[in-house]
Amino acid sequence: MTKVLLIYLVSSFLALNQASLISRCDLAQVLQLEDLDGFEGYSLSDWLCLAFVESKFNISKINENADGSFDYGLFQINGHYWCNDYRSHSENLCQVDCQDLLNPNLLAGIHCAKRIVSGARGMNNWVEWRLHCSGRPLSYWLTGCRLG
């Protein structure tokens, strides 16, 4: 119940403020509630670093890539492989509409990111994570966050 309530409160706050950004500590709380700390060997700090380097914590970010494909949401999940954006043929490996990855409740994006990370390449699927997060000390991402 607490998990559902927190996710609802965070998504309501974002919707009320018409904001597309989530704070680092609010995101850490949601990720912890969704059991991402230690998921496939990645810490909450890895997930926070990934979200920052990909979207700067912008839930509604959409980016067009050089190949014409688009990346969506907090984790910049690619529409050619992971979600259906109805722009071109998609493998839709997460079985989700790309627009759902922009939802302030974050669940569709989190579930898809977990599916991606569960694959053989883990977080190495994200170039920015490889360049800016992998193999670096990341504990500072949780500084000042009160996690339960």
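The values are calculated or read from the model by the stated rules, or taken from the named source; none is laboratory data. Values in this document were obtained by computation on a predicted structure and should not be read as measured data. Note that each Cβ is placed from the backbone with ideal geometry, even for glycine, and that neighbours are counted across all protein chains shown. To get the accessible areas, we keep the full protein, side chains included, count just its heavy atoms, and leave off ligands, DNA and RNA. Shrake-Rupley method; radii C 1.70, N 1.55, O 1.52, S 1.80 Å.
Residues are listed down the side, and each one gets a yes or a no for (1) surrounded by fewer than 20 Cβ atoms within 10 Å (Cβ to Cβ); (2) not in a helix (DSSP H, G or I):
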{"position": "Ser88", "(1), (2)": "yes, yes"}
{"position": "Glu91", "(1), (2)": "yes, yes"}
{"position": "Leu101", "(1), (2)": "no, no"}
{"position": "Gly135", "(1), (2)": "yes, yes"}
{"position": "Tyr140", "(1), (2)": "yes, no"}
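Going residue by residue through segment 60-67, is there one that turns out to be more than 21 Å from Gly119 (Cβ to Cβ), touching a residue at least 40 places away in the same chain (Cβ under 8 Å), open to solvent by 50 Å² or more (accessible area, probe 1.4 Å) and among the β-branched types (Val, Ile, Thr)? It would help to see each step written out before you state the result.
If we filter segment 60-67 for residues that are more than 21 Å from Gly119 (Cβ to Cβ), which is where we start, we get 60-64, 66.
Those left that are additionally touching a residue at least 40 places away in the same chain (Cβ under 8 Å): 60-62.
Adding the requirement that they be open to solvent by 50 Å² or more (accessible area, probe 1.4 Å) leaves 60-62.
From what's left, among the β-branched types (Val, Ile, Thr): 62.
Looking through segment 60-67, at least one residue is more than 21 Å from Gly119 (Cβ to Cβ), touching a residue at least 40 places away in the same chain (Cβ under 8 Å), open to solvent by 50 Å² or more (accessible area, probe 1.4 Å) and among the β-branched types (Val, Ile, Thr).
Confirm whether Ala113 is small (Gly, Ala, Ser), farther than 17 Å from Asp46 by Cβ and surrounded by 18 or more Cβ atoms within 10 Å (Cβ to Cβ). It would help to see each step written out before you state the result.
Numbers: small (Gly, Ala, Ser): yes; farther than 17 Å from Asp46 by Cβ: no; surrounded by 18 or more Cβ atoms within 10 Å (Cβ to Cβ): yes.
When the stated conditions are applied, Ala113 does not pass them.
If you go through segment 82-105, how many residues are modelled with pLDDT of 95 or more and either within 18 Å of Met123 (Cα to Cα) or in contact with a Gly (Cβ under 7 Å, 6 or more places away or on another chain) (or both)?
Selection size over segment 82-105: 7.
Given the conditions (1) under 9 Å from the mean Cα position of the chain (by Cα); (2) among the charged types (D, E, K, R); (3) over 23 Å from Gln32 (Cα atoms), and given that Glu54 satisfies all but one, which numbered condition is not satisfied?
(3)
For segment 25-40: of the residues being more than 12 Å from the chain's Cα centre (by Cα) and either part of a helix (DSSP H, G or I) or among the hydroxyl-bearing types (Ser, Thr, Tyr) (or both), which is surrounded by the most Cβ atoms within 10 Å (Cβ to Cβ)? Steps first, answer last, please.
Filtering segment 25-40 for residues more than 12 Å from the chain's Cα centre (by Cα) gives 25-26, 29, 32-33, 35, 37-40.
Narrowing the set further to residues that are either part of a helix (DSSP H, G or I) or among the hydroxyl-bearing types (Ser, Thr, Tyr) (or both) leaves 25-26, 29, 32-33, 39-40.
Details: Cys25: 16, Asp26: 18, Gln29: 21, Gln32: 18, Leu33: 19, Phe39: 18, Glu40: 13.
Among them, the one singled out is Gln29.
To keep it simple, each residue is scored yes or no on (1) touching a residue at least 24 places away in the same chain (Cβ under 8 Å); (2) among the hydroxyl-bearing types (Ser, Thr, Tyr); (3) more than 20 Å from Leu50 (Cα to Cα).
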site	(1), (2), (3)
Tyr81	no, yes, no
Tyr86	no, yes, yes
Asn92	no, no, yes
Asp97	no, no, yes
Asp100	no, no, no
Gly109	yes, no, no
Asn125	no, no, no
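Can you find, within segment 11-24, the residue that is modelled with the highest pLDDT among those that are in a helix (DSSP H, G or I), more than 13 Å from Ile110 (Cβ to Cβ) and not hydrophobic (A, V, I, L, M, F, W, C)? Walk me through it before giving the result.
Residues of segment 11-24 that are in a helix (DSSP H, G or I), as a first pass: 11-16, 24.
Restricting the remaining residues to those that are more than 13 Å from Ile110 (Cβ to Cβ) gives 12-16, 24.
When the remaining residues are screened for being not hydrophobic (A, V, I, L, M, F, W, C), the result is 12, 24.
Working: Ser12: 44, Arg24: 98.
Ranking the qualifying residues of segment 11-24, first place goes to Arg24.
Restricting the first residue to segment 41-53 and requiring it to be in a loop (DSSP other than H, G, I, E, B), which pairs with a second residue that is open to solvent by less than 10 Å² (accessible area, probe 1.4 Å) and among the aliphatic types (A, V, I, L, M) meet a Cβ separation below 8 Å and a spacing of at least six or different chains?
Taking only residues 6 or more apart or on different chains, the pairs are Tyr42/Leu36; Tyr42/Val117; Tyr42/Met123.
Of all the residues that make up segment 116-133, how many are exposed (fewer than 11 other Cβ atoms within 10 Å of the Cβ), part of a helix (DSSP H, G or I) and small (Gly, Ala, Ser)?
0
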